[in-house]
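The values are calculated or read from the model by the stated rules, or taken from the named source; none is laboratory data. All values derive from a computational prediction rather than experimental measurement. Cβ placement follows ideal geometry from the backbone for every residue including glycine, while neighbour counts extend to all protein chains displayed. Please note that ligands, DNA and RNA were not included when accessible areas were found on the heavy atoms of the full protein model with its side chains. Shrake-Rupley method; radii C 1.70, N 1.55, O 1.52, S 1.80 Å.
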Amino acid sequence: MVLKSYAKLNLYLSIRQKRKDNYHNLDTLFERIDLCDIITLGNRQDSLIRITCENRDVPTDASNLCYQAARLIQKQCTIKRGVDIRIDKNIPVGSGLGGGSSNAATVLMGLNQLWKLGLPRRTLCNFAKEIGSDVSFFIHNIPFARGRGRGEKIEPLQQLSRLRLWHVLIVPKLHLRTPFIYRKWDEFTKKNKKARLTRQTLNVRILISLLKKEKLRDLTGLLFNELEQVVFLNYPQLRGIKELLIHSGLDVALMSGSGGTIFGITSSKKEAIAAIKSLNVKGRPWQIFLTRTI
Ligand code: C5P
């Protein structure tokens, strides 16, 4: 069984408060994009879960989220069968694009089919949140959704189901670790209590209604990622990338998730290609992607 495993962007990410379990409550807007990994699932004769991936940044042991997804299904559904999982990686690792979470969601949905389990979406979502905060979004199989709680409480945004945005992604050669970024966030907010109090209180509803009307130029100031300030403090080169993207003719630019991908938005492929051409990226240690909503 060969499956596509798509990446995500966060068009909005506001951090509410730190929770007793050390996670943070969020309000976020997810978008699924057509940059994807390929996951190949094959039944095994024994009960092992074997992961193969040529990308050295991806672990192939029990720490791999695909392994955890398959193991959880085996346990919860008392399955004795094993599976070979091959991951062909295109989504950069540790870049805020949700690649690992998406791969895990693809394995959950794929094994549900391969092993003819007939599990409803609700059950898959319950499994998903045990694996990671972003996994549930991918189980919903929709282009846009609002995420709350740890990010696992998903509200599908049907009103945006027709919206197709184009993006230019710049992925610098940095492997950002999400727990590290949230730790930095906690330190930052302890030191800057005022910054927290005076932070922008932005209305995600206005953002959704402008997206629906495709008023992309009006999105500046509404597209927002609260983690940008701490990430830019630790990796100032990312602020430079954001400025570069804004000056390349795209409507707006933002960091995705806990970074370091910076993306620009436009409504046409032509504008996105023109922006890529105008970027002087020769010799830079960056990966550039042209991608769109899917
Ligand atoms: O849920 P996931 O495993 O993707 O989260 C990775 C890490 O990111 C967590 O261990 C936590 O440090 C941080 N995190 C958080 N609040 C969230 C999501 C992630 O603090 N809502």
(request) Kindly list the number of the only condition in (1) hydrophobic (A, V, I, L, M, F, W, C); (2) touching a helix residue (DSSP H, G or I) at 6+ places or on another chain (Cβ under 6 Å); (3) modelled with pLDDT of 95 or more; (4) not assigned by TED's automatic domain parsing to the domain that holds Tyr12 that fails for Ile139. (result) (4)
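Can you find even one residue in segment 80-93 that is part of a loop (DSSP other than H, G, I, E, B), open to solvent by 10 Å² or more (accessible area, probe 1.4 Å), of a type in the set (D, E, K, R) and closer than 19 Å to Arg177 by Cβ? Steps first, answer last, please.
First, pick out the residues of segment 80-93 that are part of a loop (DSSP other than H, G, I, E, B): 80-81, 89-93.
Narrowing further to those that are open to solvent by 10 Å² or more (accessible area, probe 1.4 Å): 80-81, 89-90, 92-93.
Retained after the next criterion (residues that are of a type in the set (D, E, K, R)): 80-81, 89.
Imposing the further condition that a residue be closer than 19 Å to Arg177 by Cβ reduces the set to 89.
Yes, segment 80-93 contains a residue that is part of a loop (DSSP other than H, G, I, E, B), open to solvent by 10 Å² or more (accessible area, probe 1.4 Å), of a type in the set (D, E, K, R) and closer than 19 Å to Arg177 by Cβ.
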(request) Check segment 44-57 and report whether any residue there is within 15 Å of the ligand (Cβ to nearest atom), within 30 Å of Phe188 (Cα to Cα), in contact (Cβ under 8 Å) with a residue 24 or more places away in the chain and not assigned by TED's automatic domain parsing to the domain that holds Ser209. (result) no
(message) Among the residues of segment 14-34, what is the count of those that are assigned to a strand (DSSP E or B), at pLDDT 95 or above and either open to solvent by 20 Å² or more (accessible area, probe 1.4 Å) or touching a Pro at 6+ places or on another chain (Cβ under 7 Å) (or both)?
(response) 4
(message) Against the condition over 20 Å from Phe127 (Cβ atoms), hydrophobic (A, V, I, L, M, F, W, C) and within 16 Å of the ligand (Cβ to nearest atom), how does Ile15 come out, does it pass?
(response) yes
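One line per residue, one yes/no per condition, for (1) open to solvent by 80 Å² or more (accessible area, probe 1.4 Å); (2) closer than 30 Å to Lys18 by Cβ; (3) without any contact (Cβ under 8 Å) to a residue 40 or more places away in the chain:
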| residue | (1), (2), (3) |
| --- | --- |
| Asp218 | yes, no, yes |
| Gly221 | no, yes, yes |
| Leu250 | no, no, no |
| Met255 | no, yes, no |
| Gly260 | no, yes, no |
| Phe263 | no, yes, no |
| Thr266 | no, no, no |
| Asn280 | yes, no, yes |
| Thr291 | no, no, no |
(message) Looking only at residues that are more than 16 Å from the ligand (Cβ to nearest atom), in contact with a helix residue (DSSP H, G or I) (Cβ under 8 Å, 6 or more places away or on another chain) and not aliphatic (A, V, I, L, M) in segment 243-266, which one is modelled with the lowest pLDDT?
(response) Asp251
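Among the helices (runs of 4 or more DSSP H) contained in segment 131-197, which hold 2 or more residues that are open to solvent by 40 Å² or more (accessible area, probe 1.4 Å)?
Values: elements: 135-139, 178-191, 193-197.
Fully inside segment 131-197 and qualifying: 178-191, 193-197.
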(request) Determine, yes or no, whether Asp61 is touching a Gly at 6+ places or on another chain (Cβ under 9 Å), outside any helix (DSSP H, G or I) and acidic (Asp, Glu). (result) no
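Yes/no matrix, rows are residues, columns are (1) in contact with a Ser or Thr (Cβ under 8 Å, 6 or more places away or on another chain); (2) of a type in the set (A, V, I, L, M, F, W, C); (3) within 15 Å of the ligand (Cβ to nearest atom):
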position	(1), (2), (3)
Ile85	yes, yes, no
Thr106	yes, no, no
Leu111	no, yes, no
Lys129	yes, no, yes
Gln159	no, no, no
(request) Please verify whether segment 110-124 includes one or more residues that are over 21 Å from Lys4 (Cα atoms), open to solvent by 30 Å² or more (accessible area, probe 1.4 Å) and touching a residue at least 24 places away in the same chain (Cβ under 8 Å). (result) no
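Please find, among Lys190, Lys194, Lys269, Lys213, the residue that is within 25 Å of Leu160 (Cβ to Cβ) and at pLDDT below 95. Outline the logic, then answer.
Details: Lys190 fails: within 25 Å of Leu160 (Cβ to Cβ); Lys194 fails: within 25 Å of Leu160 (Cβ to Cβ); Lys269 fails: at pLDDT below 95.
Step by step, each of Lys190, Lys194, Lys269, Lys213 is checked, and only Lys213 is within 25 Å of Leu160 (Cβ to Cβ) and at pLDDT below 95.
Taking the condition of being closer than 25 Å to Arg292 by Cβ and either away from the ligand (no atom under 16 Å from the Cβ) or in contact (Cβ under 8 Å) with a residue 40 or more places away in the chain (or both), how many residues in segment 133-153 meet it?
Just the residues of segment 133-153 that are closer than 25 Å to Arg292 by Cβ, to begin with: 133-147, 151.
Of the ones still in play, those that are also either away from the ligand (no atom under 16 Å from the Cβ) or in contact (Cβ under 8 Å) with a residue 40 or more places away in the chain (or both) are 133-135, 137-138, 140-147, 151.
Looking only at that region, the number is 14.
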